[in-house]
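Before any comments, here is the structure.
The values are calculated or read from the model by the stated rules, or taken from the named source; none is laboratory data. The shown structure was predicted, so the numbers you read here are calculated from the model rather than taken from an experiment. No Cβ is skipped: glycine too gets one built from the backbone with ideal geometry, and neighbour counts run over all protein chains shown.
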Amino acid sequence: MSLNPAKWNLTIPGILAVSFVMAYLWRSNRKTQQPLDPALDVRSYQAALIQRYDAQIRLLSNVKYWYVLPLFGWMALVGLTVPSKLPGGPVGYFAVLAVLAGVRHLAKRKLGRSQTKSQPSKSRAPYHITVTTFRL
């Protein structure tokens, strides 16, 4: 952290953004920090494992809100206040961001057409596991 109080307007929001991301990850992983009990029967173990996977899917599906948005807000603040070497200053900075956002939007539309979106379901049908034993 800079000792110059004039630079705190950039340092403090950066620390807050990173702290928010870390706290969100910590809070969301508190439930899954306990290891799964290997003594469970297969169906219970698999159901617990699927719940973990669903939690990870939910976390990744919301990544733009808890990870990208706070850090992007801080980077936008930096882009507006720090002199830019890009032509046009802040306007050039936001033009580059607009192009990147457009590329992301087009890629998302293309992926949306070629793949079906899988949403984590709250209730899944139990999987049928067949265990085969071989005797020698």
What about ALA95, is it under 21 Å from VAL18 (Cβ atoms), among the small types (Gly, Ala, Ser), without any contact (Cβ under 8 Å) to a residue 40 or more places away in the chain and in a helix (DSSP H, G or I)? no
Scan the range 88-107 residue by residue and report those that are closer than 20 Å to LEU69 by Cβ and of a type outside the set (Phe, Trp, Tyr). PRO90, VAL96, LEU97, ALA98, VAL99, LEU100, ALA101, GLY102, VAL103, ARG104, HIS105, ALA107
Filter the range 15-48 down to the residues that are part of a helix (DSSP H, G or I) and polar (S, T, N, Q), then identify the one that is modelled with the highest pLDDT. SER19
So, in the range 1-14, how many residues would count as being at pLDDT 85 or above and either over 18 Å from LEU80 (Cα atoms) or not aliphatic (A, V, I, L, M) (or both)? 3
Over the range 49-108, the set of residues under 23 Å from PRO13 (Cα atoms), modelled with pLDDT under 75 and among the hydrophobic types (A, V, I, L, M, F, W, C) is VAL96
Considering only residues of the range 8-60 that are loosely packed, with under 13 Cβ neighbours inside 10 Å and of a type in the set (Gly, Ala, Ser), which is farthest from TRP74 (Cα to Cα)? ALA39
